[in-house]
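I have placed the structure first, in the form of structure tokens, so that the comments after it can refer back to it.
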Amino acid sequence: MAKTRDLQAIISHCKEYGFIFPSSEIYDGLSAVYDYGQYGAQLKKNIRDYWWWSMTQMHENIVGIDAAIFMHPTVWKASGHVDNFSDPMIDNKDSKKRYRVDHLIEAFTDQIKQQNTTAKNGMDADTMLVQMDSLLANDDFAGLKSLIDAAGIPCAISGTCNWTDVRQFNLMFRTEFGAVAAEEGEDNGVYLRPETAQGIFVNFLNVQKTGRMKVPFGIAQTGKAFRNEIVARQFIFRMREFEQMEMQFFVRPGTQKEWYESWKKERLDWHLSLGISAEDYRYHDHAKLAHYADAACDIEYDFPIGFKEVEGIHSRTDFDLQQHQKYSGKKLQYFDNDLDEATGKPFGNYTPYVIETSIGLDRAFLMVVSSAYELEDLSTDEKKDDRVVMHLPAFLAPTKLAILPLTKKDGLPELARELMQQCMPHFSCFYEEKDAIGKRYRRQDAIGTPFCVTIDHQTKEDGTVTIRHRDAMTQERVALSAIKDLVANACAFPCQKP
Ligand code: GAP
């Protein structure tokens, strides 16, 4: 299967077939905000459900919660987001366009790599990236500015190199909460959460106590997060409103390294269970660690725009729980009555360390669609046009089965409707009578439906139907009565743990 590098083709396909629309499109859209259409919402839900199932149902020691988007403003002071959740930015004085410094440099290095050339000062792309990582790690803003100037990186809009100094810019959205009069001098500002993780930390003790959870244990959550991204482009890869699927795994201090390695592997295995090839993934260890981490890496996927982060695995130490303990004045500790072999005594009270796995649902969606989309060249086959097909894993496909009576008469629709009634409670089906059968197949291929069943005249005679398999386009005759179980089995979640 030939993988496309054409992001534009994917964007157009998603729009044409009801997966993703620009937000408020009739008002010309809202930058970096998107709506999921009928097939997109279902595909996104299926990815979310698969993640939730893998994390909670398939782990005895992980439970899921659903915390509110609004949180007490002190949460963000404690977590460090008010002071540290910012990116180094630079403005072009001529176009007035603001760029995230790392994105500006990376886009430039991508470009010189493609053109097989070097920067103005003779530096090659890889050397520039190594230098950038080291300057970012040291918060050396003057050094970053010098790197941009020396390389002669131009603004994509104005084409000039007339840059401001590098400055920090906080990414959190702030809004007013309730009707408390601002004139009374009260600050009633709250933030839209920039990550779902803090809803888990502040509920750590609630869940541990009510669920009688024993360390090591995890709390999972999916939900919206908001970031005022400066350079928001590349479709749903970088949005201002997006969804995260996060899990915080609470461990005994000193064991975090082995749990970090174990989650790194387990999360990559999850990605591979989507049927995506191992060559399309790589780990990227962070040179600059976030303010809360003692180790961190990204799982990167080879998107049409190149290898980019789809998921982060972070060893967050006890930073968040300690901070919430300090700011709230409430104890967030765990009593571990397992015996420490070294002392022969219980481990006792401690603040657990945390391994976090954090995947963007929208990025996972883009990854799944990018790996599934194919414009197949069938021109060498007699009388066959090209076809656009989404090779989605059957368990993620928005529609599992299309039920297609060959004609609108002779009792075929009645038989098809009966099959529809039988299958609908078990998986999503689609019914269609209109148009030639070939055209109907093509439409299902384009939205990734793994199976099409055609009810024809022979069905009336011997109770069999034609089932067509999307990827190979092969067809076979099977008993009508076998369809429900056949499709249900083929669309079940893959069992990661035998
Ligand atoms: N709690 C840790 C955390 O939020 P992160 O690396 O900033 O870590 C985790 O974000 C994941 O969220 C990323 O790997 C990415 O998939 C997704 N993500 C982050 N910012 C995003 C954005 N602006 N648009 C879409 N997805 C985003």
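The values are calculated or read from the model by the stated rules, or taken from the named source; none is laboratory data. Because the structure is predicted, anything quoted here is derived from the model rather than measured. Counting neighbours? That spans all protein chains shown, and the Cβs are built from the backbone with ideal geometry, glycine included. Just so you know, the surface numbers come from the protein's heavy atoms only, side chains and all, with ligands and any DNA or RNA stripped out. Shrake-Rupley method; radii C 1.70, N 1.55, O 1.52, S 1.80 Å.
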(request) Name, by its number, the condition in (1) in a loop (DSSP other than H, G, I, E, B); (2) within 16 Å of the ligand (Cβ to nearest atom); (3) surrounded by 16 or more Cβ atoms within 10 Å (Cβ to Cβ) that does not hold for Trp270. (result) (1)
(request) Mind counting the residues in the stretch 196-214 that are open to solvent by less than 10 Å² (accessible area, probe 1.4 Å) and in contact with a strand residue (DSSP E or B) (Cβ under 9 Å, 6 or more places away or on another chain)? (result) 6
(message) I'd like the full set of residues that are closer than 22 Å to Lys209 by Cα, open to solvent by 60 Å² or more (accessible area, probe 1.4 Å) and touching a helix residue (DSSP H, G or I) at 6+ places or on another chain (Cβ under 6 Å), limited to the stretch 284-338.
(response) Tyr327
(request) Please verify whether the stretch 60-67 includes one or more residues that are among the small types (Gly, Ala, Ser), touching a helix residue (DSSP H, G or I) at 6+ places or on another chain (Cβ under 8 Å), in contact (Cβ under 8 Å) with a residue 40 or more places away in the chain and farther than 15 Å from Phe242 by Cα. (result) yes
(message) Within the stretch 391-405, does at least one residue satisfy the condition of being part of a strand (DSSP E or B), without any contact (Cβ under 8 Å) to a residue 40 or more places away in the chain and over 20 Å from Phe493 (Cα atoms)?
(response) no
(request) Of the numbered conditions (1) open to solvent by 30 Å² or more (accessible area, probe 1.4 Å); (2) farther than 19 Å from Asp165 by Cα; (3) modelled with pLDDT under 95, His81 fails exactly one; give the number of that condition. (result) (1)
(message) As an exercise: evaluate Glu432 against (1) in contact with a helix residue (DSSP H, G or I) (Cβ under 6 Å, 6 or more places away or on another chain); (2) open to solvent by less than 20 Å² (accessible area, probe 1.4 Å) and give the number of the one condition it does not meet.
(response) (2)
(message) Which numbered condition in (1) under 30 Å from Glu374 (Cα atoms); (2) within 12 Å of the ligand (Cβ to nearest atom); (3) of a type in the set (Val, Ile, Thr) is the only one that Ile313 fails?
(response) (1)
(request) Give me the pairs, please: first residue somewhere in the stretch 262-284 and under 25 Å from Val354 (Cα atoms) and aromatic (Phe, Trp, Tyr), second residue anywhere and in a helix (DSSP H, G or I) and open to solvent by less than 60 Å² (accessible area, probe 1.4 Å), beta-carbon distance under 8 Å, and either six or more positions apart or on two chains. (result) Trp270/Trp51; Trp270/Ser54; Tyr281/Leu268; Tyr281/His271; Tyr283/Lys264; Tyr283/Leu268
(request) Can you give me the ranges of the strands (runs of 3 or more DSSP E) entirely in the stretch 326-390 with at least 1 residues that are more than 16 Å from the ligand (Cβ to nearest atom) and over 24 Å from the mean Cα position of the chain (by Cα)? (result) 334-339, 346-350, 373-376, 387-390
(message) Restricting to the stretch 192-219, and then to whatever is within 18 Å of the chain's Cα centre (by Cα) and either more than 15 Å from the ligand (Cβ to nearest atom) or among the charged types (D, E, K, R) (or both), can you tell me which residue is nearest to Ile11 (Cα to Cα)?
(response) Glu195
(request) Using the structure shown, decide if Thr222 is open to solvent by less than 70 Å² (accessible area, probe 1.4 Å) and under 28 Å from the mean Cα position of the chain (by Cα). (result) yes
(request) Sort out which residues of the stretch 89-120 are over 24 Å from Leu171 (Cβ atoms) and either open to solvent by 70 Å² or more (accessible area, probe 1.4 Å) or basic (Lys, Arg) (or both), and write them in order of number. (result) Asp94, Gln111, Lys113, Gln114, Gln115, Asn116, Lys120
(request) Being of a type in the set (D, E, K, R) and open to solvent by 90 Å² or more (accessible area, probe 1.4 Å) is the filter; apply it to the stretch 1-30 and report the residue that is farthest from Leu392 (Cα to Cα). (result) Asp28
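So that you can scan it fast, the table gives a plain yes or no per residue for (1) in contact with a helix residue (DSSP H, G or I) (Cβ under 8 Å, 6 or more places away or on another chain); (2) closer than 20 Å to Thr222 by Cα; (3) within 16 Å of the ligand (Cβ to nearest atom):
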position: Leu7; (1), (2), (3): yes, no, yes
position: His13; (1), (2), (3): yes, no, no
position: Ser31; (1), (2), (3): no, no, yes
position: Trp53; (1), (2), (3): no, yes, no
position: Gln57; (1), (2), (3): no, yes, no
(message) Only one of Asp294, Asp302 is over 21 Å from Gln256 (Cβ atoms) and more than 12 Å from the ligand (Cβ to nearest atom). Can you tell me which?
(response) Asp302
(message) Could you go through the stretch 141-155 and let me know if any residue there is open to solvent by 10 Å² or more (accessible area, probe 1.4 Å) and under 28 Å from the mean Cα position of the chain (by Cα).
(response) no
(message) Quick check on the stretch 470-489. Is at least one of its residues of a type in the set (Gly, Ala, Ser) and open to solvent by 60 Å² or more (accessible area, probe 1.4 Å)?
(response) yes
(request) Output the number of the condition that Val33 fails; it satisfies all remaining conditions of (1) open to solvent by 60 Å² or more (accessible area, probe 1.4 Å); (2) touching a residue at least 24 places away in the same chain (Cβ under 8 Å). (result) (1)
(request) Would you check if Asp269 is in contact with a strand residue (DSSP E or B) (Cβ under 7 Å, 6 or more places away or on another chain) and charged (D, E, K, R)? (result) no
(request) Give the residue that is nearest to Asp456 (Cα to Cα), with candidates limited to residues of the stretch 409-439 that are in a helix (DSSP H, G or I) and basic (Lys, Arg). (result) Arg417
(request) Among the numbered conditions (1) part of a strand (DSSP E or B); (2) within 11 Å of the ligand (Cβ to nearest atom); (3) modelled with pLDDT under 95, tell me where Glu243 comes up short. (result) (3)
(request) Of the numbered conditions (1) modelled with pLDDT under 95; (2) part of a helix (DSSP H, G or I); (3) of a type outside the set (Lys, Arg), Thr74 fails exactly one; give the number of that condition. (result) (1)
